[in-house]
1. Applying the Karplus parametrisation 6.51 cos²θ - 1.76 cosθ + 1.60 with θ = phi - 60° to the phi angles of segment 33-48, what ³J(HN,Hα) value in whole Hz is obtained for each residue in order, glycine and proline being reported as x?
2. In what sequence, largest accessible area first, do ARG41, ARG795 appear using a 1.4 Å probe?
3. Taking the alpha-carbon centroid of each part, what is the distance from segment 124-140 to segment 526-598 in angstrom?
4. Measure nothing fancy, just the Cα-based angle from helix 667-679's long axis to the longest principal axis of the chain, in degrees from 0 to 90, nearest 10.
5. What ³J(HN,Hα) values, in whole Hz, does the Karplus curve 6.51 cos²θ - 1.76 cosθ + 1.60 give for segment 492-501 when θ = phi - 60°, with x put for Gly and Pro?
6. Along the principal axes of its C-alpha atoms, what lengths does segment 458-574 span, in descending order and rounded to whole Å?
7. Ordering ILE316, ILE576 by how much accessible area each has at a 1.4 Å probe, largest first, what is the list?
8. Give me the Debye-computed log₁₀ of I(q)/I(0) at q = 0.13, 0.15 Å⁻¹ for segment 1-96, equal point scatterers on Cα only, no solvent, two decimals.
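The values are calculated or read from the model by the stated rules, or taken from the named source; none is laboratory data. Keep in mind it's a predicted model, so treat the numbers as computed, not measured. Don't worry about glycine lacking a Cβ; one is built from the backbone with ideal geometry, like all the others, and counts go over all protein chains shown. Remember, those area values only see protein heavy atoms, side chains included, never the ligands or the DNA or RNA. Shrake-Rupley method; radii C 1.70, N 1.55, O 1.52, S 1.80 Å.
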Amino acid sequence: MSEIIIPLQGIQKIQDVQLIESLLLKTKGILSYRVEQNNQRIFLEQGKEVINFSALLSSIQKLGYKIISVTKEIPVLQMSCASCALSIESLLSSQVGILNAHINYATAKLSVEYIPGIFDTRKLKAAVQSIGYDLFLEEGVKAQENLEEILRKDIQTLKFKAISAIVLSIPIVIIGMFFMDLRFSNLFMWILSTPVILWLGRDYFINAFKQAKHFSVSMDTLVAMSSGVAYLTSVFSVLFPKIISESGIHATVYFEAASVVIAFLLLGKWLEEKAKSKTNLAIKKLIGLQVQTVSKESTEGGFELISIEQVKEGDILIAKPGENIAVDGEVVFGESYVDESLLSGEPVSVLKKPGIKVYAGTLNQKGHLKYIAKQVGQETLLSQIIHLVQQAQGSKAPVQKLVDKIARVFVPIVIGIAFLALLLWIFLDPIQGIQKGLLAFVTVLIIACPCALGLATPTAIMVGTGKAAELGILIKNAESLELANKIQVLVFDKTGTITQGKPIVTEVHWFKKEPFLESILASIVQLSEHPLSNSVAVYLKETKHIALDHFENLSGFGIKASSKEEQYFVGSASLIRNNSIHNIESANHIANRFTNELKSLVWFSNSTEVLALFAIEDQIKPSSKEAIEQLKVLGISTWMLTGDHEKIAEHVSQKVGIQNFKSGLSPQEKIDFVKSLQAQFKIVGMVGDGINDSAALAQSDVSIAMGSGSDIAKESSNMIILASDLLKVPQAIRLSKETLRTIKQNLFWAFIYNVIGIPIAAGILDPLIGYTMNPMLAGAAMALSSVSVVSNSLRLKFQQI
């Protein structure tokens, strides 16, 4: 009998308690239960019968209650293949208290969601260790360094084992090929192969045994069975040659096959791990930008050297020439050019002077800079980029789901084929059937490679997302990277996306100009985040502000505010019309002139009359036209959506080469338009930057936010263009296409290798052309298959996108 506590959210009334109790009453295996409304939890006692917790928790969630859980990403150690990852997933998914668990084999990271009251990281570690693997639970500043050191030592150990196995195997092969007639040749081969099998290759046997106890199989199982059978058969032939010869079977030894297979597999694993470590160079570069110490201004006016963990918001820090900026901040003294290329992908250095932001990880070039810390620790842009890239690299692309299903049954099927080949040879060839069958059995187990399948997708995703980060493109998950390849229609916002997003006031017409009204307008626009309002705020920056009684943002229209019992409106012509301002018609001749000059308008009125009209102009980004042309080459049709006037929209669309546009749209109308394109069975991408774009971005299939845009837009998007350069949009799509092409190549190689290799290993060519595959060749092919897949993924790093 065991006690289990499930913490919940949403138990607000007695009816909630009764609803959950009725569910628990129907659940088998529960001895007693108690739903505690005050403590927001369920208390259970489990009897001898096992409760189906995954079904129970799923049913609780379907009732509308949230189970309080913790999600962690933990490095996994000692995995050897994709089947290992699936074995760990299966084991953890069956544990009481774990809601979700998945492993990315290429990144060797476990993402696990569990209920803290039932499960913890110690239990996680113990469960994973029980089947031959381990978890790295260390946290803190030095954790990444320590993990890198462990992985470096693992690669060094693999190198030692591989070289040692090769050195011991070479004389075994020479004896087996040229000196088999020597009196003690078999004994020499036995002595030399024993350390290869039982010492250098012992991890395969240990892990296979641990997994077998949990009714699980992996590549370790294949290697242990194949090399173990070859070794034990050979030992039996050496010890009892008469028994074998009397049964009519020729005594054959496979010491060279068993040892060379282990040597090849260790060599392949070493090369694979070295190659895999290179797929993560982009994230290592970013992590390397994080400084460990920084000079801080002391209270006495001097500077002291402190660790990065000691930096607090508001500290004054100094960056000397050649030093990296420590945290995000704002320059307070000095001028210098700063290299921001590793964050933005842009090679041109940026001039920094007082009042301008600096970012952690960027390189100060020549001058001295004093800057005030604004964002520290995990809040810096660099930390967020590292987190997003790690998140993307750890996520699974949709195509991986099919591969996982195949990998899950791959090893059992291969074992079945190996036994079938053994039995068929014994049945079909009464004379040499046992020898040929054993050879086929061993060779099938050796040549089968689930690793190539497991590495095909994640290694390409890792390299693709890493390369994107180097180009200044942040991709949040593997799904969006895969889906970007299929975009048929790309929808653009105008202001801040196609245009600079920094409109300036070029002309003002006051119908009633008073200092008080200017102060009211300045006070209203300073509270708005809309680019047009911001340009008016900049124009009136020297104007005195006064207190407002009320302020309301009217999404898609403008602002309503009040002061001293008078209402004021700032925004579009629609806002003014909707509020029945009486002199709007007389103001139209001024508005028409501004509109004919292709300028945007901001109207300002009180509750009775129009007070002023502001003409605002926004410059088109230099890269916009070329970006649209590149998208046309990619076969993607483009639309521009804007809340601006039709003539301005038409002018901008013609300038950049967008044939389709819609003007005067509210945020809801933008969403509706995206939905209408999706209803035509099209994959729709959207590029935007403002708060008013966020809902439409969320609606689109692939959303891309400009780095200079609002936080809400960036949170709603799948990708972020850090430099706000539109040329990065077609670049991201080309990168998606190249990544998908690489994944397809990898999967083709992995599948075709196994589809062709396994039947040949089973001996299908023997009756046709007399060819029987040597287990040593099978081992070499198996080792090279994984390395070739990783190497193909690494090609992405060097491709021009």
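1. 8, 8, 9, 9, 5, 5, 8, 6, 7, 10, 10, 10, 10, 9, x, 5
2. ARG795, ARG41
3. 60 Å
4. 40 degrees
5. 3J(HN,Hα) across segment 492-501, in whole Hz: 10, 6, 8, 6, x, 10, 7, 9, 5, x.
6. Principal extents (largest minus smallest coordinate, Cα): 65, 26, 25 Å.
7. Largest to smallest exposure gives the sequence ILE316, ILE576.
8. With one equal scatterer per Cα and no solvent, log10 I(q)/I(0) is -0.55, -0.68.
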